[in-house]
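> Questions regarding the structure given below will be posed in turn.
Just so it is clear, none of the values below were taken in a lab; they were calculated from the coordinates. In this text the structure is predicted, and so the values were computed from the model without any measurement. Cβ: placed from backbone, ideal geometry, glycine included. Neighbour counts: every protein chain shown.
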Amino acid sequence: MAKKKRSKQNQAWSGHDHAARMDGIIANSRRKKRKKEMELEMKLQQKEMAQKAQQENHGEESADNIPKKKQHRIIVNVDEENDYKRAAFAHGRKQQIDTKKLNLHIVKIQREIEDWRFRLKNFDEISEKKRMEETLEKERLAELKKEEYEEVEIGIFKRKKRKKRPGPETWKLRGAARPAQEVYDFDTRYVDPHLKAHEEALKKQKRSRNLFLLCKGRFGVMDDQEIVLQLYCVDFLSLLVQLGHLCVEARKRRK
């Protein structure tokens, strides 16, 4: 039986392949640097030609009397020794890395847009307030951690707080003082979590509103009556605009 040919992806890279890749990266980087130098030289030549033409047109002042301006020329040094080092340590070209970062940003914003779309379709003021409180609490804890880390770096060590004496909620009662849920086989305070969750979901369903239908025709318009709702709409629109800009940038890079 004939053996199956291994694909190029599965084959291990030889030393010759690595050397060829390295030579290609070095040649490409040098070509880009030389191109940049040529463009800078062309720009400087055009500028000098324009200055000469301007001097010829305005013959009132001689060229000797006009003070020469300093040319802040950006010199791109083609350092051939460091090219090999850069190519050896480069895991990917800069353009490829930038395109991957851009794609990751696009995916992240798309997920945020989907989350915001679901929230605006089922808008509930109470759940939004809870969400806001949670975010503020997270920010506060992050700031405290940052301050503690900075104090440790500087060398300020705070004394650890002593643990307080346990209160009556930790006491183990005996005899007639025991609560009912410990005396009987069943707990009198038991609440079914499924029933409770179902009741909360029904209440939330009654409270929730669809902002896309509610603000139809004036989505994102800052009115005095419903300014709180319109702020959520503006945040959603800003995410859409951001996604559009990133998609345009990604299309330019593909070309």
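> Going highest first, how would you order 45-51, 109-115 by mean Cβ packing within 10 Å?
Going from most to least packed, we get 109-115, 45-51.
> Oh, and also: What order do you get for 132-139, 226-233 when each peptide is scored by the mean count of other beta carbon atoms within 10 Å, highest first?
The densest-packed peptide leads the list: 226-233, 132-139.
> Past the 13 angstrom mark, what percentage of all C-alpha to C-alpha distances in the range 164-216 do you count?
Details: 1045 of 1378 pairs.
Cα-Cα pairs of the range 164-216 separated by over 13 Å account for 76 percent.
> Can you compute the modelled spin-label distance between W171 and E200, with each label point 7 Å from Cα toward Cβ, in nm?
Going by the 7 Å Cα→Cβ label model, 3.3 nm.
> Another question, then. Based on the Cβ-Cβ distance of K163 and L141, what FRET efficiency does E = 1/(1 + (r/R0)^6) give at R0 = 30 Å, to the nearest 0.05?
0.90
> For the modelled label position 7 Å from the Cα of A250 along Cα-to-Cβ, which residues of the range 115-151 have backbone nitrogen atoms closer than 20 Å?
Under 20 Å, as judged by backbone N against the label point of A250, lie 115-118 of the range 115-151.
> Need one word for the range 108-148: rounded, prolate or oblate. Basis is the Cα gyration tensor (sqrt eigenvalues a ≥ b ≥ c); a/c below 1.5 gives rounded, then a/b vs b/c decides.
Oblate, since a/c reaches 1.5 and b/c is not below a/b.
> Working out 0.36 nm times the residue gap between L102 and R30, then minus their Cα-Cα distance, what length gain in nm do you get to one decimal?
Working it through step by step, the gained length comes to 23.3 nm.
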